[in-house]
């Protein structure tokens, strides 16, 4: 992956990969911390090449297969796609662990081993490029829209985080609550305390807020749980080596570098609610649409400290460009705007259509 510099040869302040790399280098130097991440990235296999570019809201997407967890036989097109993608990943050095259909029809997930956090973010980009290319070679489209089809589960990018120092996992404490250390619980509470402020980073598209629907196991509750999959943060089963936290609310079309940077910096330096997780509090929910998320992001002093005013302003501007092409109330039908403009828009042809 490349690094971006300005005219004076200094790191470009809008380069989010550089932002993440600089921060983890500082943590390593000053505190001896090494952060690791593993991501569970879900997507859908759709019929036809360039299905997103050719999307028509009156017709919607057509899924390539009807199978899910238990209904994809070896010669099913979804299974063939998954196997080919996994083979390509392994050839590129990924340590694949589980490659399988997901809960919704034509939905897939290919899991690979955790790695140092900058490399983990790079692997997300490579993973999606590989999946898209394999699908294209098969005359189909791999989409990472969070909720391309209504009435079935959406796609997430569950982000598992851990931190080590001198080879020791700092999240593990055999005697701690849930066998997590106080260090881990403090990180959890800081992330939850800023959940509304950082929601736009973790769920950065109009379409992402369709996924945060409680009817489809959506992690839209601002809380932590060992069992409740509706929680923003979950504590998975682990041993001493694999002790970690899982942030479940992240959308698969978010910027992985900005997501990683935000979670670890807020986790280490954010504010902590009084009483922490021992105080019983009323469950709160993440924003229901991108307009609310933009407002919280815009008004947040935490975000200003996290990103700086210039990057914050630029990010808001890009997100407003897409948000203003879609209604505040999402309704029951996926709209053209949220598909065509779900990433930052730089394409001149798309701009001419605005």
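Table: residues versus (1) crowded, with 24+ Cβ neighbours inside 10 Å; (2) more than 25 Å from residue 31 (Cα to Cα); (3) in contact (Cβ under 8 Å) with a residue 60 or more places away in the chain; (4) touching a helix residue (DSSP H, G or I) at 6+ places or on another chain (Cβ under 7 Å).
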site	(1), (2), (3), (4)
151	no, yes, no, no
154	yes, yes, yes, yes
159	yes, no, yes, yes
165	no, no, yes, no
168	no, no, no, no
173	no, no, no, yes
176	no, no, no, yes
199	yes, yes, yes, yes
221	no, yes, yes, no
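For segment 29-36, check the following and say yes or no: at least one residue is exposed (fewer than 13 other Cβ atoms within 10 Å of the Cβ) and without any contact (Cβ under 8 Å) to a residue 24 or more places away in the chain. For segment 29-36, residues exposed (fewer than 13 other Cβ atoms within 10 Å of the Cβ) and without any contact (Cβ under 8 Å) to a residue 24 or more places away in the chain: present. Here is a check on your reading of the model: is residue 264 touching a strand residue (DSSP E or B) at 6+ places or on another chain (Cβ under 7 Å) and either assigned to a helix (DSSP H, G or I) or over 19 Å from residue 192 (Cβ atoms) (or both)? So residue 264 fits the description; yes.
Residues in segment 96-134 that are assigned to a helix (DSSP H, G or I) and more than 15 Å from the chain's Cα centre (by Cα) were compared, and the one that is farthest from residue 254 (Cα to Cα) is 134. Screening segment 270-337 for helices (runs of 4 or more DSSP H) wholly inside it with 2 or more residues that are over 30 Å from residue 56 (Cβ atoms), modelled with pLDDT of 90 or more and more than 22 Å from the chain's Cα centre (by Cα) returns the ranges 309-323.
The values are calculated or read from the model by the stated rules, or taken from the named source; none is laboratory data. Since we're looking at a predicted model, the values are computed, not measured. With ideal geometry, Cβ positions are generated from the backbone for all residues, glycine too; neighbour counts draw on all protein chains shown.
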